[in-house]
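Contents: one structure, followed by commentary.
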Amino acid sequence: MSIERTAKTAKTTTAQHKSIPGLDSEIISPLVREGLAGVVIAKSTICAVDGERGTLSYRGYDVGELACHASYEETIYLLWHGRLPSQNQLNIFSQQLKSSRAVDGTVWSVLKLLPHHVIPMDALLTAVAVLSCSENGQDDGCTATNMMKAMTLTAQFPAIVANYYRHKRGKTFVEPHPDLGHAANFLYMLHGEIPTPMQTRSMDLAMLLMSEHGFNASTFAARVTSSTLSDMYAAITTALGTLKGPLHGGANRRAMEMMLAIGDIDHVETYVDAALNAKQRIMGFGHRVYKKAPDPRSPYLRGKLYELCAETGDFHFYNLATSIAETVENKKGLYPNIDFYAAPLLYMLGVPLELFIPVFAISRVPGWTAHIMEQYENNKLMRPIAAYVGAHNLPYIPINQR
């Protein structure tokens, strides 16, 4: 919904609610918009999401253009600096990322003390809290300092996730590879072997497409925390906690679990019919924003999934995924979202199911940090109000009479 349409709607609704105590006369949005649907909360130059047209752009660049031509490192630079880098700038930037990969030993000491049942997302939350302690309380809040924090978080997330996973399985840690890019290095640290060029490009594309998506729940949560002028580590912890929720970050894992449960292409229609008859949600379809148009990121992941399958000669998951997508679209009119094709892509790259959400966090942290820095630059404390619908004027009853 555009700002103009929101304002127009507000003019017709504000008058209806003047009788409600505590309602600020300056509020220009409908009284209650559950889930903040359609509410314009701030201005941003980072990302444009148009759900009606099915378009997405980062800093003015269509996501399709970036998917076809840019690398993940280029996209990080774009999100943080507002422009694409020159070759020299990209070389320097990529080297800075590589130089920031080493994780402080204190982080590993703490993570090794965690009980074995602690999941990777909780370990990542813990790691960020420990990283925040490494500054000895020194935080001047300037742009350069925050940029360094963003660099540290982005560079170290892959190492933390990969080596914590290896630690839980009794495997030795893998040190970052100095010659590999961001996506390739993550796969290297996870598996202990250098990925193929196709595997690298597949991981790079998935990270690029997951790196930013406007005021989604985790990004909004990070900006709320930032609006209090709390530090970047606190805001990232907020984002991680929000992403951990099954309604936000868990869709890719559940989409993959669905595909594994279906198993064979011959079982697709039976599964979909049963799910629809039972009014169950089919994971990886529909989107909170893209209700009238397909998710613009999905076709690029579908194409890369095909290429990855072609390298192995095994098209099982490509055929299964496309069959499910066609069946759901024909029967329900729903389009696959980014999670649907990202799921088999990650699975074929050897990413275990329990790391699907952490990989989302690894990919999204540049977007989160870009929004945090933008919030700092033009800050106003976020403080919405609620429409109270409870009782009024209740008499106090002494405890011995209740």
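Worth a mention:
- Failed criterion for Ala123 (all others in (1) over 20 Å from the mean Cα position of the chain (by Cα); (2) more than 28 Å from Arg297 (Cα to Cα) hold): (1)
- Subset of segment 253-284 [surrounded by 12 or more Cβ atoms within 10 Å (Cβ to Cβ), part of a helix (DSSP H, G or I) and not hydrophobic (A, V, I, L, M, F, W, C)]: Arg253, Arg254, Glu257, His267, Glu269, Tyr271, Asp273
- Pairs with Cβ under 6 Å, 6+ apart, first in segment 80-101 and of a type in the set (Gly, Ala, Ser), second assigned to a loop (DSSP other than H, G, I, E, B) and at pLDDT 95 or above: Gly82/Arg59
- Taken over segment 347-402, the residue count meeting the criterion of being small (Gly, Ala, Ser) and either crowded, with 20+ Cβ neighbours inside 10 Å or under 18 Å from Phe220 (Cβ atoms) (or both) is 5.
- Criterion violated by Glu65 - all others in (1) more than 23 Å from the chain's Cα centre (by Cα); (2) modelled with pLDDT of 95 or more satisfied: (1)
- All helices (runs of 4 or more DSSP H) inside segment 38-99 with 3 or more residues being buried (at least 16 other Cβ atoms within 10 Å of the Cβ) and in contact with a strand residue (DSSP E or B) (Cβ under 7 Å, 6 or more places away or on another chain): 72-81
- Whenever a residue of segment 168-195 is in a helix (DSSP H, G or I), its partners that are at pLDDT 95 or above and among the charged types (D, E, K, R), lying with C-beta atoms within less than 7 angstrom and at least six residues away or across chains, give the pairs His182/Glu73; Ala183/Asp204.
- Evaluating Glu212 against the criteria (1) surrounded by fewer than 24 Cβ atoms within 10 Å (Cβ to Cβ); (2) outside any helix (DSSP H, G or I); (3) on the phi < 0 side of the Ramachandran plot leaves one unmet condition, (1).
- First in segment 273-288 and in contact (Cβ under 8 Å) with a residue 24 or more places away in the chain, second anywhere and of a type in the set (Gly, Ala, Ser), Cβ under 6 Å, 6 or more apart: Ile282/Ala275; Met283/Ala251; Met283/Ala255; Gly284/Ala255
The values are calculated or read from the model by the stated rules, or taken from the named source; none is laboratory data. Remember, it's a predicted structure, so these values are computed and weren't measured experimentally. Cβ coordinates were reconstructed from backbone atoms using ideal geometry, including for glycine residues, and neighbour counts include every protein chain displayed.
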